[in-house]
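Below: one structure, written as structure tokens.
The values are calculated or read from the model by the stated rules, or taken from the named source; none is laboratory data. Predicted model only: the values in this text are computed from it and were never measured. All Cβ positions, glycine included, derive from the backbone under ideal geometry; neighbour counts span all protein chains shown.
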């Protein structure tokens, strides 16, 4: 029972951006033009995507911090964070289709074949689907060693997400730079751990 | 009616909105963003500074303007004045309405140079004096695939250019936006992560510039142009993507060679010199076939983009011999 409270807090924190967005949607829908600005649809899609990639970065950061700070207990928050990242990105995806593409299947299809930034973002999302599906403890047991292998798909997904952001920028690469640097930092930590493992494995033989 | 041009009419002075009513309307309209807080104070301060230019402008905008009847719904003023691409004031669309009040628009001078018989540095009062203002309701189509319908107040650009007596070598017109980083905070942060340079440059071919639909605007919605919309003087070329309609103009140069333009310099494969609205030629990264019309309704409706933004009948002849796929 001790660990329930912090988990609940993380859960509520993850819901917080969504609650704020929902509140702004209600205000905008009831005629408050200042709530989501002139183009509420665009604002909704943008906001969901932003929180999606932020939560994805936080999810990866949890593993890094757990390793570097020798706090393996932190790992218990990872699944929930990852699933929330997926939830925001799924809503981002749905909102793009429903609002920006006007629920026009021909337009969605054209986007997915012609627009590089949408191809990058769409593929990133598709890579995350099997990870969400296999996030249960049962799947983890069933897949054994392959589970960890499968879940490395999060790395290409994250990089594709950064590419998606960079390719849709018009003047400013500030967002792409910030998210890209954080992504590289977190991937760099993993490379560092991998090199360390290789070395410690090589030592007894030497 | 797809085109609405309202000429000034003789209005009895009794019908002109009393100033108190006008000010309370302004107070109502200024509810967006940071403007609200200082508005009352700013109004009294403005009264002290006796902003002569805006008084002149106000007195010259006919009272009948600002409530036009147009076939498509007019975009609410609150949105047209709070959703702006004006990178001189920041990268977000909400930045210009937050920070453009820092700009001093009076006094204002426009330098006219190049292939003209009468070059010189003109005060804005000189520039505006002989022109009658008209109300023009135009669609504004942004290259980002959203659009608005805005009632502008201004006068034909061609009428102004004619006054400077262009020479036979004048084939193009180049416009420059004010460069004043002290008052335009976006100009202070250009760096390695941003891709456009200041001052902002735009240009037109002379026949485009002389076309009666191309106007210089000083107002919108029956009032003086808000700073974030390009006060005190901006271009409006309704058949081209919005970035051609340069704001805060301080230089007009007539040239024999095609001028450089900011977006074309930034990404030549994405933004051409002509930038005519064209649903058949996509931006390399997104479709231009449809647009989201910014309106009061919650989800902006997606509508088909029209060739030359719906002004084909008036302007298509300018481009008859051109390949519009190459000259995007």
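The table for this structure:
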| item | result |
| --- | --- |
| Qualifying positions in region B:75-100 - more than 14 Å from chain A (Cβ to nearest Cβ) and under 17 Å from the mean Cα position of the chain (by Cα) | B:100 |
| Flag if residue B:72 is more than 14 Å from chain A (Cβ to nearest Cβ), assigned to a loop (DSSP other than H, G, I, E, B) and either at pLDDT 75 or above or at positive phi (or both) | yes |
| Flag if residue B:155 is more than 14 Å from chain A (Cβ to nearest Cβ) and over 18 Å from residue B:53 (Cβ atoms) | no |
| Test: residue in region A:67-88 that is within 14 Å of another protein chain (Cβ to nearest Cβ), more than 20 Å from the chain's Cα centre (by Cα) and either surrounded by 19 or more Cβ atoms within 10 Å (Cβ to Cβ) or free of Cβ contacts under 8 Å to residues at least 40 places away in the same chain (or both) | no |
| Total residues in region B:274-286, condition under 25 Å from residue B:82 (Cα atoms) and assigned to a loop (DSSP other than H, G, I, E, B) | 2 |
| Qualifying residue in region B:158-171 (condition: touching a strand residue (DSSP E or B) at 6+ places or on another chain (Cβ under 9 Å), in a strand (DSSP E or B), more than 14 Å from every other protein chain (Cβ to nearest Cβ) and surrounded by 17 or more Cβ atoms within 10 Å (Cβ to Cβ)) | yes |
| Filter result for residue B:86 (at negative phi and in contact with a helix residue (DSSP H, G or I) (Cβ under 6 Å, 6 or more places away or on another chain)) | yes |
| Residue selected from region A:6-52 under the condition more than 24 Å from the chain's Cα centre (by Cα) and in a helix (DSSP H, G or I), by the criterion surrounded by the fewest Cβ atoms within 10 Å (Cβ to Cβ) | A:26 |
| Residue satisfying condition, being within 12 Å of chain A (Cβ to nearest Cβ), within 23 Å of residue B:303 (Cβ to Cβ) and over 14 Å from the mean Cα position of the chain (by Cα), within set B:284, B:279 | B:284 |
| Which numbered condition residue B:219 fails, given (1) part of a loop (DSSP other than H, G, I, E, B); (2) out of contact with any helix residue (DSSP H, G or I) (no Cβ under 6 Å at 6 or more places or on another chain) | (1) |
| Hits in region B:289-310 - residues which are within 11 Å of another protein chain (Cβ to nearest Cβ), over 19 Å from residue A:97 (Cβ atoms) and part of a loop (DSSP other than H, G, I, E, B) | B:294, B:295, B:296, B:297 |
| Identity of the residue in region B:48-69, at pLDDT 85 or above and assigned to a helix (DSSP H, G or I), that ends up nearest to the chain's Cα centre (by Cα) | B:57 |
| Matching residues, region B:285-311, being surrounded by 15 or more Cβ atoms within 10 Å (Cβ to Cβ), more than 14 Å from residue B:140 (Cβ to Cβ) and in contact (Cβ under 8 Å) with a residue 24 or more places away in the chain | B:286, B:287, B:288, B:290, B:307 |
| Residues that are within 8 Å of chain B (Cβ to nearest Cβ) and in a helix (DSSP H, G or I), drawn from region A:101-113 | A:107, A:110, A:111 |
| Residues being in a loop (DSSP other than H, G, I, E, B), surrounded by fewer than 22 Cβ atoms within 10 Å (Cβ to Cβ) and touching a strand residue (DSSP E or B) at 6+ places or on another chain (Cβ under 8 Å) - total across region B:246-273 | 7 |
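Let's see how each residue does on (1) within 14 Å of chain B (Cβ to nearest Cβ); (2) buried (at least 16 other Cβ atoms within 10 Å of the Cβ):
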| residue | (1), (2) |
| --- | --- |
| A:127 | no, yes |
| A:135 | no, yes |
| A:156 | no, no |
| A:160 | no, yes |
| A:163 | yes, yes |
| A:176 | yes, yes |
| A:185 | no, no |
| A:199 | no, no |
